[in-house]
Amino acid sequence: MKVKKYLAPSMTEAMKRIRGELGSEAVILSSKAVYKGGFLGLFKKRNVEVIAAIDPVSAPLQTVTKHDPQQASQVPDVDQSGGAELLKEIEGLKDLIKRMQINSSDRKYPESLQEPYDYLTEQEVDPSLRSQIMDELLEKWFAFKQCSTAEEIQAWLEESMLAILEKVENGKPGLQKKYINIVGPTGVGKTTTLAKVAAETILKHDKKVAFITTDTYRIAAIDQLKTYAKILNVPIEVAYNFEDFKRATERFSHYDYVFIDTAGRNFRNPQYVKDLNDLIHFTDEMETYLVLSLTSKQKDMEDIYRQFATIPIKQVIFTKADETSTFGAIFNFIHTHKLGAAYITNGQDVPDDIEIATPSQLLKMALEAKKYERSS
């Protein structure tokens with residue numbers, strides 16, 4: 001069956017085009033008024049959108065002569081050899097189109113695919129990425145002749161989301177370099193995150209660790225890191241300038257890892273990143289992690305990343321997973337910047353409330369948020 005959509009200024013013009021291209025045996029499946037153009041919502045031009053179909057190998061159907069879409073879409077008696085099957089196919093197609101055009105522009109997928117689409121929308125997955133995922137689901141849905149179960153569709157959704165995460169290196173922080181630098185804007189939980197990663201390195205991997213803090217803008221930040229240093233029984237140095245930083249690195253030269261806590265300041269001020277470059281010597285012995293809060297707006301995350309683009313970022317660490325129920329930002333960020341996540345944190349407890357951000361763990365968090373919303 002050949003199906004085609006026509007947009008014309010009137011039904012008469014649409015019928016002429018349908019007869020000219022599909023022939024007099026074409027069947028009208030649906031028609032509706034649409035409005036195009038205009039300025040500031042005014043002076044829009046009314047058009048007619050018509051979907052017509054023809055089966056070139058079937059028995060002749062009723063000639064389309066009337067402008068009433070309901071009358072024009074009726075199919076007359078057909079022979080017993082294949083007409084009934086064609087009639088069933090046409091009615092099924094009409095029903096599908098009707099379901100795909102329900103009420104609002106958001107409901108643009110068949111009923112069985114609407115739930116995955118709504119979920120991606122609720123999770124604030126970027127529209128372009130959402131369309132990409134839905135195109136994959138729609139392709140499989142047609143390949144299985146529209147007979148897939150809800151469980152199969154859910155499995156397809158998880159497979160598509162997992163594929164996005166697996167295109168980059170996630171969940172393998174590795175700590176391959178001696179100096180571990182933690183950067184990010186104020187309020188994202190850098191100091192607590194640093195303490196969590198350091199605690200894991202000490203307790204799970206039995207490594208010798210030291211701290212350096214360059215966050216001299218907030219006395220509370222220095223005190224906080226000193227408290228963590230005391231609890232973990234590790235030495236700490238405060239660096240007010242490059243000379244202090246250099247002396248601290250020399251003092252800790254025999255340690256396995258040196259964790260560096262940086263100042264949390266307004267990320268919109270480019271001077272912040274310049275000061276970091278002046279204070280910290282980013283050498284081949286250092287790997288840097290950018291901390292982003294999942295409670296931030298997507299645009300703010302993008303602005304933060306661009307601000308730190310002059311610094312070689314190995315991976316990101318997503319914080320405050322326990323303070324949000326939407327995880328689309330993770331998929332959006334990873335897909336856009338092709339930069340993986342090392343850890344994800346979900347609370348304030350040290351050394352707990354931190355997970356290695358494997359693709360399966362990130363997907364699990366996103367899916368569990370969906371379950372929580374349903375039960376609440």
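The values are calculated or read from the model by the stated rules, or taken from the named source; none is laboratory data. Since this is a predicted model, take the numbers as computed values, not measurements. Cβ coordinates were reconstructed from backbone atoms using ideal geometry, including for glycine residues, and neighbour counts include every protein chain displayed. In case anyone asks, the SASA skips ligands and DNA or RNA and just uses the protein heavy atoms, side chains included. Shrake-Rupley method; radii C 1.70, N 1.55, O 1.52, S 1.80 Å.
Please tell me which of these pairs span more than 19 angstrom C-alpha to C-alpha: K172/K230; K177/K299; K196/K297; K177/K364; K172/K226; K178/K204?
K172/K230; K177/K299; K196/K297; K177/K364; K172/K226
Taking only protein heavy atoms and a 1.4 Å probe, what accessible area per residue, in Å², does the stretch 134-249 have with all protein chains in place?
Dividing the accessible area of the stretch 134-249 by its residue count gives 51 Å².
Using a 10 Å cut-off on Cβ atoms, rank the peptides 351-360, 226-235 from the highest mean neighbour count down.
Packing proxy ranking, top to bottom: 351-360, 226-235.
Provide the packing ranking of 285-295, 244-254, 190-200, i.e. peptides ordered by the mean count of other C-beta atoms within 10 Å per residue, highest first.
Put in order of decreasing packing, that is 190-200, 285-295, 244-254.
Taking a cut-off of 21 Å, what percent of all Cα-Cα pairs in the stretch 141-221 are separated by more than that?
Taking all Cα-Cα pairs of the stretch 141-221, the fraction more than 21 Å apart is 56 percent.
Roughly speaking, to the nearest percent, how much of the stretch 149-251's 1.4 Å accessible area is carbon and sulfur?
About 50 percent, which is the carbon plus sulfur part of the accessible surface.
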